[in-house]
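Read through the structure below, which is laid out as C-alpha cells, and then see the notes.
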4 protein chains.
Amino acid sequence: MSEEKKPIYYADYLQLDRLLSAQAPESERLGRPAHDELLFIIVHQAYELWFKQILHELALVDGIFANANVDDRDIGRAVAALQRIERILKLVIGQLDVLETMTPQDFLEFRDLLFPSSGFQSLQFRLIEIGLGLRRGDRVTPDDKPYDSRLNETDRARVQAAEAVPSLSDRIEVWLGRTPFVEIGGYRFQESYRAAVTDMLARDAAILRDNPTIGAMEREAGLAGLEAAQERFEAIYDEARHAALVEQGAWRFSLGALQAALFVTLYRDEPVLQLPFRLLSLLMDIDETMTAWRYRHALMAQRMIGRKLGTGGSSGHDYLSEAAKRYRVFGDLFALSTFLIPRSALPPLPDELRRAMGYGYAAPKD
Amino acid sequence: MSEEKKPIYYADYLQLDRLLSAQAPESERLGRPAHDELLFIIVHQAYELWFKQILHELALVDGIFANANVDDRDIGRAVAALQRIERILKLVIGQLDVLETMTPQDFLEFRDLLFPSSGFQSLQFRLIEIGLGLRRGDRVTPDDKPYDSRLNETDRARVQAAEAVPSLSDRIEVWLGRTPFVEIGGYRFQESYRAAVTDMLARDAAILRDNPTIGAMEREAGLAGLEAAQERFEAIYDEARHAALVEQGAWRFSLGALQAALFVTLYRDEPVLQLPFRLLSLLMDIDETMTAWRYRHALMAQRMIGRKLGTGGSSGHDYLSEAAKRYRVFGDLFALSTFLIPRSALPPLPDELRRAMGYGYAAPKD
Amino acid sequence: MSEEKKPIYYADYLQLDRLLSAQAPESERLGRPAHDELLFIIVHQAYELWFKQILHELALVDGIFANANVDDRDIGRAVAALQRIERILKLVIGQLDVLETMTPQDFLEFRDLLFPSSGFQSLQFRLIEIGLGLRRGDRVTPDDKPYDSRLNETDRARVQAAEAVPSLSDRIEVWLGRTPFVEIGGYRFQESYRAAVTDMLARDAAILRDNPTIGAMEREAGLAGLEAAQERFEAIYDEARHAALVEQGAWRFSLGALQAALFVTLYRDEPVLQLPFRLLSLLMDIDETMTAWRYRHALMAQRMIGRKLGTGGSSGHDYLSEAAKRYRVFGDLFALSTFLIPRSALPPLPDELRRAMGYGYAAPKD
Amino acid sequence: MSEEKKPIYYADYLQLDRLLSAQAPESERLGRPAHDELLFIIVHQAYELWFKQILHELALVDGIFANANVDDRDIGRAVAALQRIERILKLVIGQLDVLETMTPQDFLEFRDLLFPSSGFQSLQFRLIEIGLGLRRGDRVTPDDKPYDSRLNETDRARVQAAEAVPSLSDRIEVWLGRTPFVEIGGYRFQESYRAAVTDMLARDAAILRDNPTIGAMEREAGLAGLEAAQERFEAIYDEARHAALVEQGAWRFSLGALQAALFVTLYRDEPVLQLPFRLLSLLMDIDETMTAWRYRHALMAQRMIGRKLGTGGSSGHDYLSEAAKRYRVFGDLFALSTFLIPRSALPPLPDELRRAMGYGYAAPKD
C-alpha cells in the first residue's frame, strides 16, 4: 500500500456530500412535501449510476472489437464485461420491486409536478441502446416526432453522435465476418450442413401435413413458417437472396457473419470456439433482459398511471409489444436457432481444421 | 410431540421413492440418452408441484369468500394465502433462469421425442388461470380449435367443470359489491368525488391542448384517451352506461364492486380498509406476475426454438402480446388508478362513517 | 398539472450533472487507471443512495411511534415503510452479485490506493443500525478501539447523537407496552396460557428423556435449553426474574412489551391485531435480512481479500458469526416463538375482549 | 420428429399422477388437517427434485475429470454443468422466501407430528456435500453420534459408499496437479513470483507497524496473519512445510495443485487458461452459495422454532458458524487470493510458453 499519499476517507472517496445532497424533491420546493418523491428520485438516480457503469463496460468491449485483429486474450475480458452488464440489467429490473412499494395514489401526490420530464429523456439509456446497436429506424415513436425530440439540444447532439459511430452489433458483425474457420475446407461443411437442415425442415413440414392433432390454421401458419425459414436459411448462402432479406429486415448481419455465428454455435465445444460461443450467448441474454425490462416497466407504468394520456394502458401495451419485437438488436442470433441440428447429427470437421482449433500444446483427440 | 405414533423418517414422509423415480427421459428409453432431458423434466415437475400449492391456497381463499358473510378474522388469512401465491409465482419465474442453462442445441437432442406434448397441456396451470377468473372467451387461441382441445378427455372435463363454478374474480366482485360503507352517507362522497375527477380530467385535457412540447398524434391519442376515461368513469355511476361498457369489455366488475374498489383504494388508511386494500393490491400483483411470466416464457421459447412452427418467433410474440393484454383478470383494478386523486385532495369522510370504520375500543381521531 | 411552473427536464430534476460527475477513481488520478475501480465506486454510491432512502423511511416510522397515542390510520403507513425497507435491503444484497463480477486480482489493481478507507466508515449504515436499535454495547469491535474511531469527527458526532435518542426498538417497546388488551380480563388468559406453555415444555422434556434416537450430548443440551426456556418464559410474568434476565441480556424488551408481543402473535387473526402482527413480522424480516447481508458481505470479503490483515478469512468469520448472534436487534421477537402454542390449543378470548377488537360496524362472530 | 412412436401426453411424460399424489400430510392422516403442512411437504419435495438434478450434473463433471487425459472439448461442458449447479443452488435458496410465508405458529400445528424426521436426513443433500468433497472429518456433529446416525441403514450405506470414492475436489486436485505449464520454463516464473509476493507481504507488514490509525490488537492480529500467510505461501514450494500444513488443515490440495491453481488464476487471460479459470471460479461460487444457504436456513430455523431443543437459537448459531468455516470444500482456492499480485506486476511469461498456450492457428501477440 502506498504509504506516501495521505489517507483516504470513505465519504470523500465516494463524494458523498455531492451524492447525498443531489435529491431535491419538487414537492418540498413547492412547500407541500410528498414522502414518496424521494423514493422516485433515488430509484432513478440509482438507474443512472448503473447506466454509467454499463456504458463503461460497453466502451471496453468496443475498444476490444475495434481492433482489426482481436487478441484472443481480450475475448475473455469482453465476455466478463458483457457478463457484468447482464448482471447489472438483472439487478436494475429488481429496482422495480422497490418502486412498486409506491402506490398509484402516493405517486399522484407529486406526479404532476414533474411534467413533462420522463424516463424517455434518459440520455444514458439511449446511449446504451445505441451502443448495443439499436438504430433510429428500429424505434417505435408513439407520436409523429423523432424519438429524441424530447431531449435538450446537448443531449440530442450526443445521441446523434453516438448513432454516427459503429455499435457493438456492427463490431461483432465485422469480427464474425473475419472468422477464419468457415472457409478452411469449410465448403464441404456447408454442403453437408445445408442438406441436413433442408431434411429437417422437410420432416417438420411432413409432420404438419400428416398430424391430425394439428388444427388447420396452425397447419397453414406452420407451413408458411417453414417456407420462410427455408428461405432465410438459403439466404445464408446466397448473396442476392441475403441482400433482399436484409432489405426486408429479415436478416441484419452480413452473410459471412451469419455463417460464422452458425458455425460457432454448432461447434462451440471446440476449444477456440468456447469463448466466442459464450460471447454470442451473452449478447442474446442482454437483448432478452433489455426486452424483459421494457416489458416489466410498461406493466408498472400501466398500474401506476392507468390508461390516461396513453402513457400506459392499452396504447402503451401496443407500443411495448411492438418495441419488444423491433428493439431486438441481436434478433439474428435468436433466428439462427431455427437452423440448429442436434450435436449427434453434426457433420464431423476435417482433422486439419480441428487441429487448428485446438491448443498448440495438445493434439486433438478423436 | 405425540409419543404413541411410530417415528417418521424424512424419506418416507416425503415419499421420495415415488418422487425420485418419476423421471423417465424419452431419450434414455429410446437408447440415445440426452443429458439435458432430466433438467427439462425436473423443471416442469417442480412447476407442477408449485401449481398444486397455488391451487391449495386458491381453494382456501375461495372457501373464505364463498361465505355470504366474510368474517374479518378470515381476511387476514386470505391476504396471507394470496401473498404466498405471489411469492410462489416469483419463485417459479426464477426457474426459467435454470432452464435457460440448456442451450437450443442441447434441447434439440430430445425435443422432437416429446412431440406433441406441450406445456399448454398443463391441467393445473389451466385450473389456476380459471380459478383466478380467466374466462374461455378471454383466451387467444393460436389455431382454430378451442384452447382445451389439446387436453385429454379427463383433463378437459376438469377444466370445463372449473369454468362452471365461481372464480376468485367472481367472489371478489360479490364481496366488494357488499361493502357497506359506500352507501352510508356515501352519496355525498360520490358527488364530490365525481366533481374532483372530472376537474382532473379536464385539467389534463387542457395541458394536452396547450402544451407545445406535445406532438399532434400524441395530443389526439391523449385527448381520445381522456374522453374514453371520462366515459368509463361516468359508467361507474350509471347502470345503463356501465352495462354497455361491460358489453364492450371495457369493464368487468359490477357497478357496486367498482365503486367499492375505488372507495377502498382511496380511503385505504382507515383501519377497516387496510386489509381489503392489501387484498386488492395482491390481486394486481398476481395478475402482473402471471403476465410477466407468460412474457419471459415466450422470450425463452423464441430463443430455444427460433421461428419455425410458429411456436415462438414473431407469431408467438403476437400471440403473447395479445395474451398480455387480454389475460389480465383484474384489469378493472388497474384501470381504476386512472381515477385516483391525491390523498390531499380527497373529500373528507363523514364522522359517523369514520367511527364505523374504526375499532370499537378507540374513538376516531380528527 | 401545474401549467404556471416552467417545464422540468429529467436530467435537471435528477441533478445528473452532479450525480454522474461524482466518480473519481484514485487509479485514474494517479495515472494508472484500473477499469474495475468505477464499479467499486458505483456499487458503494448505489448503497449510499439506498441508505438515504432507508433513513427516510425510518424517520417516518419514528415520527409515527413517537406519538403518545398512535393513530390506527398510521400503523398501515408504518407497515408500508418497513415493507419498503425490507425490499430495499433485499435489493442491495443483490448488488453483491454485481460486485462479485470483479475478480480478486482486478480488485488488487486499485485496492491499496484506497487505504485506509473502508465500508466500516459508512455513516449512513451506522445510522441505520442505530436507528433500528443496535446499541454501542452490542457491537463486536475487531480491535481495542471503539467502533466509531474510524469515523471523522463530524460523523462520529452524528453517530453519537443518534445513539442518544430513542431507536425504533425503543419506540416499539413503549408502544407494545401500551397495548390495552393484555389487561382487559387478560389475567385469565395469562394463567391458562402459562399452564399451556409449561405443559408443552414438560412434554418436550419427556421426549428428550425417553427417546432412544437422541444422543446423550443432544439430550443434555436439549434439556438445558428447555430449562432456560422455562426460565425465560416465567420471567415474562415476574418483574424480578425479568430484570435479572435483562441484566444477563436474555431479554431486552420490558415485561409489558413481551406480553403484548406474545399476545399479538397468538391472536393475530383478530382484526385489530392483524396490522400489529405484520409490523412485528416485518421487524424480524428486517433483522434477518440485515444479518444475511452481513454474512454474504463477509463471504465476499474473504474471497476478495483472502486471509491477510484479518479483514476477512477466519478472524473475519469469527467476527461475523459473533455479529450475527449479537447484532440481532429484535432477538426478543425471535425468542418468543419458543413459547407459541398451536392455534387449536389457544385459550379462547373473553367475548367483551373480542368485541373490543372487532370493528364498530360489525359484531364478532363465534 | 419421430412419426413412428405414439404421441406423448404432457401429464404422462411427467408422471404427474405419481408426482401429484405423493403428498400425504400427517395432520390429515390424523384427522386434524393443518393447511400449511402441504407447503412444508412441497418445498422439501421441490428441494429433492433439484438435488437429483445437481447430482446428475455432478456425475457428468466427475465423468469428465475421471479421465487420465481431460479433452479440452469437455472442459466447456464441465463449466456449463457447474454453472447450472450454481443457478440451481441460487434458486433453491429462494424457496426459503416461500417457506417463510408460513408463520411459526402455523408450523406448530403439525411440527410435532413429524418428529423425529428432519432435513438432516436428506440422503441426496449428503451425497451432494460428499460429491463436492466434504469429508466426514470436516463435519460438525451437534451431538456425540456420527452425522449419519439419523439415516436408515440403506441411506447410511449409500452415504458411506459415496465417501469411499473420489470427490470433485479430489478430481480437480489431480487434474490441476497435471497442468503442464507450471513446469515448462516455469521455475523462472516461480522465483520471480515468490519474490513479488514476499515483497508484498513485507510492505503490508510495514504499514501495520507504521500506521497510527491502526489499533494495537488489530496490529498484532494483522502481523500474525501476515506471518501465517507467508508460511502458507512458502509451503506452496516446499514439500515438507506443505505436508505439515496439510496435517494442520491449513492446506488441502497437493503442492502441484496449489501451484497450478495459482498459475491459472494469475494468467487467466491466456486463451488456454480462460476456461480453467472459470472452472475454479465456479467451484468457489458453489462453495459460497452452499455456505450462504446453510446460513439462511439456520436463520429461518431459529425464527420458526425459537431456542428450544437446540435445533435453532444460539446453539444452532454456533453449529452454523462452525459449519460455515469448516464446510468450505474449496477453501484453498479462497486462501490463494491472499497471494495474488496485480496483473500489472505479474512477471511476463516466456514466449515459448505463451505460444504453447495460444491457438494453433494464431501466433501470440506481444
Leading residue by the ranking (nearest to the other protein chains (Cβ to nearest Cβ)) among those in region A:189-229 that are crowded, with 16+ Cβ neighbours inside 10 Å and not in a helix (DSSP H, G or I): A:Gly215
Residue satisfying condition, being part of a helix (DSSP H, G or I), more than 26 Å from the chain's Cα centre (by Cα) and either more than 11 Å from chain B (Cβ to nearest Cβ) or aromatic (Phe, Trp, Tyr) (or both), within set A:Phe120, A:Phe125, A:Phe107: A:Phe107
The lone exception for C:Asp97 - which of (1) facing chain A (nearest Cβ under 7 Å); (2) modelled with pLDDT of 95 or more; (3) closer than 30 Å to C:Ala298 by Cβ it fails: (2)
Residue match in region C:32-54 (condition: among the hydrophobic types (A, V, I, L, M, F, W, C), in contact with a Gly (Cβ under 8 Å, 6 or more places away or on another chain) and open to solvent by 10 Å² or more (accessible area, probe 1.4 Å)): no
Looking only at region B:273-321, and only at residues there that are facing chain A (nearest Cβ under 8 Å) and outside any helix (DSSP H, G or I), the one that is modelled with the lowest pLDDT: B:Arg307
Contacts under 6 angstrom Cβ, first residue in region C:251-265 being without any contact (Cβ under 8 Å) to a residue 12 or more places away in the chain, partner open to solvent by less than 10 Å² (accessible area, probe 1.4 Å), 6 or more apart: none
Residue count for region B:340-361, restricted to those that are open to solvent by less than 10 Å² (accessible area, probe 1.4 Å) and at the interface with chain A (Cβ under 7 Å from one of its Cβ atoms): 2
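Count, please, the residues in region A:128-154 that happen to be in a helix (DSSP H, G or I), open to solvent by 20 Å² or more (accessible area, probe 1.4 Å) and of a type outside the set (Ser, Thr, Tyr).
6
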Conditions (1) more than 15 Å from A:Tyr47 (Cα to Cα); (2) within 8 Å of chain A (Cβ to nearest Cβ); (3) touching an Asp or Glu at 6+ places or on another chain (Cβ under 7 Å); number of the one not met by C:Asp36: (2)
Tally, over region B:230-249, of residues that are under 19 Å from the mean Cα position of the chain (by Cα) and open to solvent by less than 30 Å² (accessible area, probe 1.4 Å): 0
Selection status of A:Ala78, more than 10 Å from chain C (Cβ to nearest Cβ) and open to solvent by less than 10 Å² (accessible area, probe 1.4 Å): yes
Residue list for region D:149-178, restricted to those being closer than 16 Å to D:Arg136 by Cβ and at pLDDT below 95: D:Ser149, D:Arg150, D:Leu151
Contacts under 8 angstrom Cβ, first residue in region C:217-240 being modelled with pLDDT of 85 or more, partner open to solvent by less than 50 Å² (accessible area, probe 1.4 Å) and not in a helix (DSSP H, G or I), 6 or more apart: C:Ala235/C:Ala250; C:Ala235/C:Trp251
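Let me confirm something: among C:Ala11, C:Ala24, C:Ala59, which residue is more than 8 Å from every other protein chain (Cβ to nearest Cβ) and at pLDDT 95 or above?
Testing whether each residue is more than 8 Å from every other protein chain (Cβ to nearest Cβ) and at pLDDT 95 or above leaves just C:Ala59.
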Given (1) modelled with pLDDT under 95; (2) in a helix (DSSP H, G or I); (3) over 29 Å from B:Leu208 (Cβ atoms); (4) of a type outside the set (Lys, Arg), index of the condition A:Ala68 fails: (2)
Complete set of residues in region B:252-272 that are buried (at least 23 other Cβ atoms within 10 Å of the Cβ), in a helix (DSSP H, G or I) and within 14 Å of chain C (Cβ to nearest Cβ): B:Val264, B:Pro271, B:Val272
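The values are calculated or read from the model by the stated rules, or taken from the named source; none is laboratory data. Quick caveat: nothing in here was measured; it's all calculated off a predicted structure. Every residue, glycine as well, gets a Cβ built from its backbone with ideal geometry; the counts of neighbours run over all protein chains shown. Surface accessibility is based on the protein's heavy atoms, side chains included, excluding ligands, DNA and RNA. Shrake-Rupley method; radii C 1.70, N 1.55, O 1.52, S 1.80 Å.
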